[in-house]
1. Please give, to one decimal in nm, the separation of the simple spin-label points placed at A:ASP353 and B:LEU98, each 7 Å out from Cα toward the Cβ.
2. Excluding residues fewer than 8 places away in the same chain, name every one of the lysines whose C-alpha is closer than 19 Å to that of A:LYS349.
3. If the viscosity is 0.890 mPa s and the temperature 25 °C, what Stokes-Einstein diffusion coefficient in µm²/s follows for segment B:63-166 when Rh is the Kirkwood radius over Cα pairs?
4. In 10 Å bins starting at zero, report the fraction of Cα pairs in the protein assembly as shown per bin as a rounded %.
5. If I take R0 = 35 Å and measure r between the Cβ atoms of A:ASP391 and A:THR146 in this structure, what FRET efficiency does the formula 1/(1 + (r/R0)^6) give, to the nearest 0.05?
6. With just the Cα atoms defining each centre, how far is segment A:379-401 from segment A:326-352? Give it in Å.
7. If you take the alpha carbon radius of gyration of segment B:111-194 and divide it by 2.2 N^0.38 Å, what ratio comes out, to two decimals?
8. Need one value for B:36-44: mean number of C-beta atoms belonging to other chains within 10 Å of its residues' C-beta atoms.
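Laboratory data are not the source of any read-out in this text; all were calculated from the coordinates shown. None of these values were measured; they are calculated from a predicted model. Cβ atoms come from the backbone with ideal geometry, glycine included; neighbour counts cover every protein chain shown.
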Amino acid sequence: MSDRLPGFSTLAVHAGAQPDPTTGARATPIYQTTSFVFNDADHAASLFGLQAFGNIYTRIGNPTNAVLEERVAALEGGTAALAVASGHAAQVVVLQQLLQPGDEFIAARKLYGGSINQFTHAFKSFGWNVVWADPDDIASFERAVTPRTKAIFIESIANPAGGITDIEAISTVARKAGVPLIVDNTLASPYLIRPIDHGADIVVHSLTKFLGGHGNSLGGIIVDAGTFDWSTGGKYPMLSEPRPEYHGIRLQETFGNFAFAIACRVLGLRDLGPALSPFNAFMILTGIETLPLRMQKHCDNAKAVAEFLVGHPAVASVSYAGLPSDKYNQLARKYAPKGAGAVFTFSLKGGYDAGVSLVSKLQLFSHLANVGDTRSLVIHPASTTHSQLDDAAKIKSGAGPDVVRLSIGIEDKEDLIADLEQALGA
Amino acid sequence: MNHDAYPDNYIRGILNSVKSIAMVGASPVNVRPSYFAFKYLAQRGYDMIPVNPGHVGKELLGNPFVASLVDIGRPVDMIDIFRNSSHIMPVVEEALTLDPLPKVIWMQLGARDDAAAAKAESVGIKVVMNRCPKIEYGRLSSEISWMGVNSRTLSSKRAPAPTQGMRLSLNRMSVGGGDTAASDRAAKNKTEQR
């Protein structure tokens, strides 16, 4: 019972899980049920009033999902987490707790194309106004701060080009502005980068990617770092003010350093509804048990493939932060010393047509719109994930017409290189 | 004691050993945090005594309110103070007049008075500040994991399913926390800025 911090791999296997109290099952059971019986009327009232710990209805919480939540909270070094149906759902639920109509949030320009769409179009209809900043120019975040700014949003490793974001520098801007820093840690996973250690207040993930890791289950998660003081100045009424939904409870006062995760659950998930299926939670939990093994192999393979591409005559440039010549290499050494991730882009001398030809000739790489699978994946962002952006925005987000994105899997690296060689050379 | 980051064994030792808890500032209003904590600790088998001069003559979940600590009239193991930081000192001073002395003085989430803590510790009383005993009990037993909270504990043992009124084992393996946790470091920085 000594207080010591076990290693990451031990947490990846054990955190949040214990033998099932009823059956002794050692693997986490799939609690595929919509609802849970109450002991009596008082127990029901206590649960609905947030006075007791326990289960009510799977849209609010589920025991399989709870294991996943505690495990990711432990891996990220947060106080609590909330699993939801997708990474996109995580972003909606987070911002619903922070923004009122007419408020603003600052987001890094280099993001997953789906996030750029969500922020630009869907959130605009809620009255949540995104203000873009350049993650390579920290001062652009400072200039974007206004009295209506409620949050800053960045990716730790930016999609699609794999650039590394200076989390500490941007967290300093957020602290000065008195707003929380939200970090999407999907492409790094906590094995490579733990944003909370660098000043993040909230971490979000698409669990669909490296955490689940096998390309079989959608999911998203929100991790509360427990670092932000929501009580100041009435700026975050969902956390600091009496909630009419719960007879006047103030969440920060009641739940302290995990109040944000509770707000996401009882005000966000409960009312917006994007619950994660317990079956998906089980699949993702199983994936997380091998995260450290897989992630290291992903990174080692990615570095080998990037090095091969640098030396190939058909390749114009390679954007991979793990290469010593890359402009993000210094940041990669600081933030992700075990590896710079496994998603990166390169551009072909033959431009758009060469990209289309490459994709059609590859035999191991799968042409699809996902990343972070055991299998190696390829896509042409300009015509797919980033196709809704205009040309200037495509180039700014690192998805110009000549760019191909790879997500390197955990196959043998020699086979991946041979596949690229035949597709580039023929 | 370092009041910025408590070792789990310190909290565990307190919650495993105290039997009676006087809660100063206990509220009969069922949306107040003190009500939640009072009810939970009573359900987990603690002998709870509500202390609030505004409610003398009434009961809280079957336990009669007393006006002040000296009115309890029997020994208490722990005093849990649900008051703002500025109201802590007089309660601690009153606690120090009790005979026998309480073993523990606990100040709720958000409450901290280092001078009052030092005074209590100088006569051998253990002090916890800016924590909630309900949350800590739920965390060390992992019951709070139902809410997606990081209990910072592990266990490979099969535990009984928790039922109403059951005492839970708090003796799971701790996995750090305290000054390793970003949340505790943030709380420390906030204290220093004051």
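1. Rounded to a tenth, the inter-label distance reads 8.7 nm.
2. A:LYS361, A:LYS394
3. 158
4. Cα pair-distance distribution for the protein assembly as shown, in percent: 3, 17, 26, 24, 16, 9, 4, 2, 0, 0.
5. 0.75
6. 18
7. Segment B:111-194 yields a ratio of 1.32.
8. Partner Cβ neighbours, averaged per residue: 3.
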